[in-house]
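Here is the structure we will look at.
Only the coordinates and a few stated rules stand behind these numbers; no lab work does. Given the structure is predicted, the values throughout are model-derived calculations rather than measurements. Cβ atoms come from the backbone with ideal geometry, glycine included; neighbour counts cover every protein chain shown.
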């Protein structure tokens, strides 16, 4: 059996369990090689192999809708649905997406890579099915990899239980998101790894829990239970009390043996935990869930090991190789360390925290990627990872600020949008001293449209009292963080910076406070006002223009809100101005600059360069930036077009 012979899910159903086990091993080798060649998400997919095979053997996709939360765990799903050949171009321009893609396959429904959304999709689709419009037989929502730490998942879960929608929920519990999952609902990974000492009472309890799970998955048991309940209710005088008494006994047993009966308190039937690496057990559980779902939503709790089958991933304590760059599969990737702007932030926050005991750091399940692991090690009591819960993270920071602390919230730019309401009304409205440090701002590349951090400037610059800073070098980021700790005395500050290498500059190329920095003075014909990462492109363009006899003035905008009026006044004295930013153009910083200049000069022409209002695909950042004119050539073309 080879992967190449699996072209559709039905090909799996003719295989024996021994053949399925062999295929699972082959799939793991295949994924390791594909990620080693192209980079991508590794650990989560290695952990979901048997679960995905079982799902596609029990259910009939696309007649049954299999929906994936945190879509980066869907590589195996892509292989099973006939896309194995596309992995040679995984996450490459015009190649296979790293997430489910409706354009790629009829088996993909939601293109999400932001967590905790799938249960809401499933709820909506089930409503449409009941109305006669959605033709799916079953709706299966696979949630996990930390997604159950997000508040939206609980909102949907509560609604599913209340409305009794017929949705099958598979909780893929690997104890992780990016970092270890921050939740009491997850089962310890030692259940699978057996690395911790297990006492006799623990073993007895585990045995009883497994036996109870098998009983409660049996449709015969369920049918008989319903008959007993009906009979008890019909007893004269004591019927109601007898029925309630039986429910109380059942609840007590569940509470002792199965703490996740939390689900059932919300009206969602629960079975598990199930060994997520045993296809036979998974199939039994899923088939029984299929039958039981006729009565309403049901959760199948599956325990998996992130990175299973590949020792470098299993041994990675930080993230089980959640994601990985290009690497040698024989030895695994090198240990992930912060680089560029992230490293500059990691160094700076420790320096500031050493000087100010009020400083605390918060993140939403991403301490490693945001550069906070060194801070966590240095100040463990001042570090807070709240799980995949950006809304809670921001308002929690607001509460800390109200109590006298100075919170620094480190998130990806794209994920801050999940907490927009909280930024505006819980932080800014109260003028609270919160600093937002937004990594991966601008065009991020391989992860595609959901990860490009292009909205933060246009949004944040419209928030009253918010100061928005964009560093153009590692040294600028360090200076801005230092300045921000003082600026927060009068309200929040956001610092946004890109993924990748950071420019290194001398002290004479570092600004301060809310002032812009003029990097070179021109002859008055052209001023280029660049934001953050775009400063390098502006300087390159000025060199080329100089060879053509055009001496351009170049400004590093630095402070996107408020804008430096001195910079704007200087720009207005030029014949032409070109602004360039790696954020959305409409309503962006450039247009704000253009509006100010228009009030100062009737003759100065302003051209604003920025990201167009459309979803950008996955590709290397430099390639995408070139395609949309946000590089040296783009500036030159903009100049020549209006010459």
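Each part gets one Cα centre, and for segment 390-415 versus segment 589-643 those centres are 32 Å apart. Compared with the dominant principal axis of the Cα atoms in the chain, helix 390-402 is inclined by about 60°.
Pop the C-beta distance of residue 565 and residue 450 into the FRET formula with R0 = 35 Å and round what comes out to the nearest 0.05. Mind dumping the intermediate values first?
Working: r = 37 Å, r/R0 = 1.04.
Rounded to the nearest 0.05, the efficiency is 0.45.
Averaging Cα coordinates gives a centre for segment 1-58 and one for segment 567-586; these two points are 52 Å apart. Counting 0.36 nm for each residue step from residue 482 to residue 315 and taking away their Cα separation leaves a gain of 56.4 nm. As a check on your grasp of the helix formula, calculate [θ] at 222 nm for the chain: sum -39500 (n - 2.57) over DSSP H runs of n ≥ 4, divide by the residue count, round to the nearest 500. Using -39500 (n - 2.57) per qualifying helix, the result is -12000 deg cm²/dmol. Between 0 and 90 degrees, the angle of helix 49-58 with respect to the longest Cα principal axis of the chain falls at about 60 degrees. Relative to the current alpha-carbon distance between residue 14 and residue 489, full extension at 0.36 nm per residue lengthens the span by 164.3 nm. Only bridges whose two residues both fall in the chain count here: according to DSSP, what percent of them are antiparallel, nearest 5? The antiparallel proportion sits near 15 percent. The DSSP beta bridges internal to segment 518-641 are antiparallel in roughly 10% of cases.
Can you sort 14, 576, 467 by how many other beta carbons sit within 10 Å, fewest first?
Values: 14 8, 576 21, 467 25.
By the 10 Å Cβ count, ascending: 14, 576, 467.
Taking the DSSP beta bridges with both ends in segment 408-561, the antiparallel portion is around 25 percent. Counting other Cβ atoms within 10 Å as a rough exposure proxy, the listed residues 415, 375 run 415, 375 from fewest neighbours to most.
Working out 0.36 nm times the residue gap between residue 37 and residue 605, then minus their Cα-Cα distance, what length gain in nm do you get to one decimal? Don't skip to the answer; put the middle values down first.
Working: separation 568, 0.36 × 568 = 204.48 nm, distance 4.71 nm.
Between residue 37 and residue 605, full extension yields 199.8 nm more.
Calculate the translational D of the chain in whole µm² s⁻¹ from Stokes-Einstein, where the hydrodynamic radius comes from the Kirkwood formula applied to all Cα pairs, the temperature is 10 °C and the viscosity 1.306 mPa s.
Values: Rh = 26.7 Å.
Estimated via Stokes-Einstein, D reaches 59 µm²/s.
The ranking of 425, 109, 99 from fewest to most other beta carbons within 10 Å of each one's beta carbon is 425, 109, 99. Label positions at residue 291 and residue 613, each projected 7 Å from the Cα along the C-beta direction, are separated by 5.5 nm.
Can you give the FRET efficiency to the nearest 0.05 for residue 536 and residue 164, using r as the Cβ-Cβ distance and R₀ = 35 Å? Present the calculation step by step, with values, prior to reporting the outcome.
Working: r = 57 Å, r/R0 = 1.63.
For R0 = 35 Å, the calculated efficiency reads 0.05.
Note on residue 2 and residue 134: with the Förster distance fixed at 45 Å, the Cβ-Cβ geometry gives a FRET efficiency of about 0.80. The angle between the Cα long axis of helix 474-487 and the longest principal axis of the Cα atoms of the chain comes to about 80 degrees, rounded to the nearest 10.
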